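Every number in this text was worked out from the coordinates using simple rules, so none of it is lab data. The model shown is predicted, which means the values in this text are computed figures rather than measured ones. Because the Cβ atoms are built from the backbone with ideal geometry, glycine has one as well, and the counts that use them run over all protein chains shown.
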Amino acid sequence: MLTHDNRLIMTDSLKKRTSSRNILEIVLTGIAGASLVATLIPLFAVISYVIIKGGKHFNLDLFTKLPPVAGQTTGGVASAILGTILVVSIAGAIAIPVGILAAIYLSEFSSAEQKTARTIRFATNVLSGVPSVIAGVFAYSVIVLAMGKFSTLAGGMALSVLMLPTIISTTDEALKIVPQDVRWASVGIGASNYQTVLQVVLPAALPAILTGVTLAIARAAGETAPLLFTVIFTNSWPQGPLSQTLPSLAYLVFEFARGFDPVLQEFAWAASLVLVLLVLVTSILARWMTRQKVYE
Amino acid sequence: MVNCLYSCRMVYNHAILWGFFLFTYAVNFVKIFLEKFSANFNLDNLHLMTNSIPPIKPQMVGRSRSANEKRFDIGFISFTRLLAWSIAFLLLFIFGTVAWRALPAMQEFGLGFLVNSAWNPVANNGKGDYGALPMIYGTLASSGIALLIAVPLGVSTAIFLSENFIPSKIRTVLTFMVELLAAIPSVVYGLWGLFVLIPFLRPISTFIYQQLKWIPIFGTSPIGPGLFPAGVILSIMILPIITAIARDSLANLPPELRQASMGLGGTRWETIVRVLVPAAFSGIVGGIMLGLGRAMGETIAATMLIGNSNRISVSIFAPSNTIASLMANQFPEASGLQVAALMYAGVVLFVLTLIVNVIAQWIVSQVQAKYQ
């Protein structure tokens with residue numbers, strides 16, 4: 001009788017504890033789920049506002065015409081798109097070859113110098129945390145003061161500093177994923193180091209490297225801060241790499257948003273839509289590309 | 001340093017070969033691209049194109065390499081080493097250049113710059129009187145607000161995404177969406193913050209002000225831009241970093257930890273709170289530090305929302321300024337000592353973010369070493 005009672009009490013208390021534990025579990029799970037929702041709300045809010053407010057001017061004119069001058073209500077941001085392409089091309093021309101070759105060293109040739117490789121990887125990570133204003137004043141100090149004037153070239157160089165860490169770390173990762181067997185096979189049939197790297201390993205890692213490069217380009221296209229120190233904003237067409245003035249999408253958003261002209265503010269939203277579409281498309285494409293493996 | 005000397009010597013030895021190398025490199029590169037992409041360039045079979053190992057030239061078989069070829073090979077390795085080193089030097093070079101340009105202001109104001117709260121270009125007979133204390137305060141305060149919001153949200157989101165509460169396919173999509181937050185350009189956040197977030201926060205801030213104005217940090221009437229909206233926008237911008245790194249460190253924990261805790265009768269959340277989070281703690285802290293570094297260096301969105309007032313106010317609803325937005329605002333019109341003073345502020349920002357980033361990277365690398 002006693003044992004039976006005991007067992008009864010035990011089951012009872014066990015049940016009670018279990019249910020109070022269960023409630024706590026459910027509450028905590030709910031809080032965690034709610035945090036996820038709260039984290040994603042800004043994403044949807046930003047994207048939907050940009051689409052709603054920028055969609056109004058999202059037509060062919062946006063890509064072919066200059067921004068409206070006083071009195072006009074229609075126009076486009078074509079010059080800024082061209083200017084962004086120009087300055088990002090300069091940045092890419094510096095950062096892509098340097099970044100890929102530096103990553104080749106880290107991944108392929110640093111096995112005997114682990115300490116060096118660690119130092120450089122560390123420096124790359126720290127470089128990725130350097131604020132964009134600092135990249136701007138750096139390019140100002142080195143190029144603008146040397147040339148005696150602002151220039152698109154200086155803007156491109158500032159952006160290349162911000163692109164480098166992304167390109168190096170994604171290329172480094174991409175090369176690491178290529179199986180060692182492939183390199184052995186290449187060396188085994190008599191290829192030298194540079195032949196192995198340039199003709200076997202690099203092509204195998206190309207999709208992932210392209211992904212990193214695309215992401216870096218998209219990020220650089222959205223950067224404004226370095227351009228504040230290196231170029232003078234203009235609405236008109238870009239004048240080439242040595243020109244002081246440069247139209248740029250991100251700079252245009254910054255200028256028009258701070259101005260008080262409601263028409264120009266509408267174009268700030270439209271330019272934002274172009275920028276957001278650029279990063280969304282490249283991010284999704286990058287996501288899709290990294291899933292394509294060359295060697296299983 | 002030994003490595004550097006070694007690489008410098010190599011560079012010297014093979015300097016002559018470089019012209020030859022660069023040319024061959026370019027030719028090779030173009031050749032590879034033509035081979036790969038001329039036939040059928042299309043994204044669908046990119047993996048097929050890169051699948052084949054390039055054919056070996058017949059004359060390469062059964063012949064030892066010529067001296068030139070060997071030198072060329074060493075030259076290639078040296079060249080990549082030089083570029084890799086240039087990344088490390090770039091960091092020093094950036095710091096050196098900015099500090100060099102800041103030198104006039106450093107000599108003029110010394111360390112007093114850090115505790116002086118004047119920012120007046122016409123004081124001292126037009127020479128100017130500069131101090132960065134309000135901006136240092138604004139930088140730390142706005143980052144602090146950002147962390148207060150982003151850390152709890154980010155860590156619990158990371159827990160949710162690292163556990164199997166929902167099917168893994170949906171989790172992958174949600175994780176990707178959190179990462180997308182980091183991809184949206186800062187100027188778009190600034191625009192959205194200016195026209196959407198500030199009007200949205202105004203009634204909330206006004207309500208808090210009316211109820212709690214006897215507390216100094218809520219002590220001024222919200223006028224729109226200020227420390228609070230800037231902190232909120234910064235928190236949105238650093239959420240993806242904190243979430244991603246916290247999620248990675250939770251997901252990479254050895255499964256034995258979970259099995260042991262569950263085996264002892266721990267529930268899922270007891271396992272999370274008492275075992276998994278403490279085990280991943282340093283990784284989570286590393287992610288938070290990285291987020292802090294990003295928040296302190298963020299320029300455009302903060303500039304558009306913080307109100308750009310060079311005065312210290314205890315209230316979070318008052319306009320303030322950060323070092324980065326001070327530089328962005330004043331640089332285009334600055335001249336003389338003001339440029340040097342802005343560069344000095346830049347050095348302060350650089351040192352602050354550098355310390356935070358180095359600690360963060362160190363923590364994250366320790367964590368990676370621990371479980372590999």
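Spin-label pair A:Ile177-A:Ala38: with each label point 7 Å from Cα along the Cα-Cβ axis, the two points sit 3.4 nm from one another. With contacts taken as Cα pairs under 8 Å and at least 6 residues apart, chain A reaches a relative contact order of 25 percent. Connecting C-alpha atoms closer than 10 Å in a GNM of chain A, tell me which of A:Ser19, A:Ser107, A:Ser272 has the biggest fluctuation. Looking only at A:Ser19, A:Ser107, A:Ser272, the largest GNM fluctuation is found for A:Ser19. Estimated purely from DSSP H runs of n ≥ 4, each contributing -39500 (n - 2.57), the mean residue ellipticity at 222 nm for the protein assembly as shown is -23000 deg cm²/dmol once divided by its residues. Within the listed set A:Tyr49, A:Tyr194, A:Tyr251, the Gaussian network model of chain A (springs between alpha-carbon atoms below 10 Å) gives the highest mean-square fluctuation for A:Tyr194.
Residues whose amide H falls under 5 Å from that of B:Asp129, counting only those 5 or more places apart or on a different chain, are B:Asn120, B:Val122, B:Ala123, with hydrogens built in the peptide plane. Among A:Ile52, A:Ile232, A:Ile168, a tally of other beta-carbon atoms within 10 Å of each Cβ gives an order, fewest to most, of A:Ile52, A:Ile232, A:Ile168.
Which whole-number percent is the relative contact order of the range B:129-370 (Cα, under 8 Å, 6+ apart)?
Rounded, it is 31 percent for the range B:129-370.
Above 24 Å, the calculated P(r) of the range B:129-370 contains 52 percent of its Cα-Cα pairs.
Each label point was placed 7 Å from the Cα along the Cα-to-Cβ direction; for B:Ser66 and B:Thr206 their separation is 8.3 nm. Annotation: for a label point projected 7 angstrom from Cα along Cα→Cβ of A:Leu277, no residues of the range B:153-191 have a backbone N closer than 14 Å. Considering only A:Gly212, A:Gly54, A:Gly148, the mean-square fluctuation computed in a Gaussian network model of chain A, springs between alpha carbons under 10 angstrom, is largest for A:Gly148. Under a model in which nothing but the beta-carbon of Lys, Arg (+1) and Asp, Glu (-1) is charged, the protein assembly as shown shows a dipole of about 860 debye around its Cα centre. Across the cross-link table entries A:Lys176/B:Lys70; A:Lys176/B:Lys169; A:Lys115/B:Lys70, which are compared at the Cα atoms, there are no separations over 28 Å.
One chain, two ends: A:Ile23 and A:Ala112. Fully extended at 0.36 nm per residue, the span grows by 26.4 nm beyond their Cα-Cα distance.
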